Amino acid sequence: MARQLEGPLGLVVHPKRDIDRALSAIRDWAGGHGLQVGQVDVEGNDRRVADPIDARSCELIVAVGGDGTALAALHAGAAAGRPVLGVACGSIGALTAVHADDLEPALDQMAAGDWRPQHLPALDVSGERYAINDMAAVRNGDGQLVISIWIDGELYARVAGDGVIVSTPLGSSAYTLAAGGPLLTPACENFAVTPIAAHAGSIPPIVASEHNELKLEIQPSYGGARLEVDGRGRGTCPTTLTITHRSNYATLVTLDGGESMIAGLRRRALVEDGPRAKLRSER
């Protein structure tokens, strides 16, 4: 059993989505348990729903919105060493453990210590940024990028195309999957490197282990290159990036009866059976 919930709650909220019902449930529950509710500041979100509170003063951070909101909360929680409960105001995603309609029983579980910490790895991007899902070096306009991919000092391939995505197991079902990269199960300690729209050559995605060091050497063309970390633009991409694996970067709350990654992929039709297999099963 995990630690019981006894301290303040910190909110991270979606910047625009309707979250009133979820906020009301959180406030009512916290008031009934004598707990303070505040709002944790995150980059790029000026929506205000509660008085500010430092993440380090919270026992739990509650992300109210969707997977993007949960990512922002996980970064805030990682810096403060606090777990994050993802609340979906819409369909359940990869990082949201509970729907807004089921918040009160979920918080009761947390109060009783009936939850499990899921420790998420991250990508350390040149010692300056951390990516929970993925980082991408992508072209910023006209002209392809030429990116040299090095693993532990050995050249894997030179890619001419739209860029390269590097993802954690969690992020492998997002941008990487859309680009034709591999899915990684949450239990593994690997990361995937996937070229985007590579022009010719034979450059399959490659899966590296937690012990490997990845280096990307980037030659931008006319339009330049930009860096994206967890889906957010981070300005002009450096010409060299060094990426390593960091274990136990952030902590996500998992509740009993929660959905597995594979079940979630099938429910959202991100993974579907082949047509012939479907026909055979329907006979």
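Taking (1) within 30 Å of Glu213 (Cβ to Cβ); (2) assigned to a loop (DSSP other than H, G, I, E, B) in turn, Ala73 satisfies each apart from (2).
Kindly indicate whether Pro195 is in contact with a Cys (Cβ under 8 Å, 6 or more places away or on another chain), crowded, with 18+ Cβ neighbours inside 10 Å, assigned by TED's automatic domain parsing to the domain that holds Val164 and not hydroxyl-bearing (Ser, Thr, Tyr).
Numbers: in contact with a Cys (Cβ under 8 Å, 6 or more places away or on another chain): no; crowded, with 18+ Cβ neighbours inside 10 Å: yes; assigned by TED's automatic domain parsing to the domain that holds Val164: yes; not hydroxyl-bearing (Ser, Thr, Tyr): yes.
No.
If you go through the stretch 74-91 one residue at a time, do you hit one that is out of contact with any Pro (no Cβ under 7 Å at 6 or more places or on another chain) and of a type in the set (Lys, Arg)? I'd like the intermediate steps shown before the answer.
Step one: list which residues in the stretch 74-91 are out of contact with any Pro (no Cβ under 7 Å at 6 or more places or on another chain), which gives 74-76, 78-82, 84-91.
From what's left, of a type in the set (Lys, Arg): 82.
So far as the stretch 74-91 goes, yes, one or more of its residues are out of contact with any Pro (no Cβ under 7 Å at 6 or more places or on another chain) and of a type in the set (Lys, Arg).
Just one of the listed residues (Ala157, Ala192) is closer than 24 Å to Leu120 by Cα and either modelled with pLDDT under 95 or of a type outside the set (D, E, K, R) (or both), and it is Ala192. Any residue that is crowded, with 16+ Cβ neighbours inside 10 Å and at pLDDT below 90 - is there at least one of those in the stretch 248-258? The answer is yes, given that some residue of the stretch 248-258 is crowded, with 16+ Cβ neighbours inside 10 Å and at pLDDT below 90.
Here the stretch 29-52 is the region considered, the condition is being part of a helix (DSSP H, G or I) and either in contact with a His (Cβ under 9 Å, 6 or more places away or on another chain) or touching a residue at least 12 places away in the same chain (Cβ under 8 Å) (or both), and the residue that is surrounded by the fewest Cβ atoms within 10 Å (Cβ to Cβ) is Ala30. Restricting attention to the stretch 132-153, which residues are within 12 Å of Gly224 (Cβ to Cβ) and assigned to a strand (DSSP E or B)? Hits for the stretch 132-153 are Ala137, Val138, Arg139, Leu145. Highlighted here are the strands (runs of 3 or more DSSP E) found entirely within the stretch 154-255 that include at least 1 residues which are within 22 Å of the chain's Cα centre (by Cα) and either on the phi > 0 side of the Ramachandran plot or among the small types (Gly, Ala, Ser) (or both): 163-167, 190-196, 206-209, 232-236, 240-254. When you look at Trp150, is it among the aromatic types (Phe, Trp, Tyr), surrounded by fewer than 22 Cβ atoms within 10 Å (Cβ to Cβ) and either under 24 Å from Thr242 (Cα atoms) or touching a Ser or Thr at 6+ places or on another chain (Cβ under 7 Å) (or both), yes or no? Taking the combined requirement at face value, the residue satisfies it.
Candidates are the residues of the stretch 226-245 that are among the hydrophobic types (A, V, I, L, M, F, W, C) and touching a Pro at 6+ places or on another chain (Cβ under 9 Å); the one that is modelled with the lowest pLDDT is Cys237.
The values are calculated or read from the model by the stated rules, or taken from the named source; none is laboratory data. Treat the numbers as computed from the prediction; the structure is a model and nothing was measured. Note: ideal-geometry Cβ built from the backbone for every residue, glycine included; neighbour counts use all protein chains shown.
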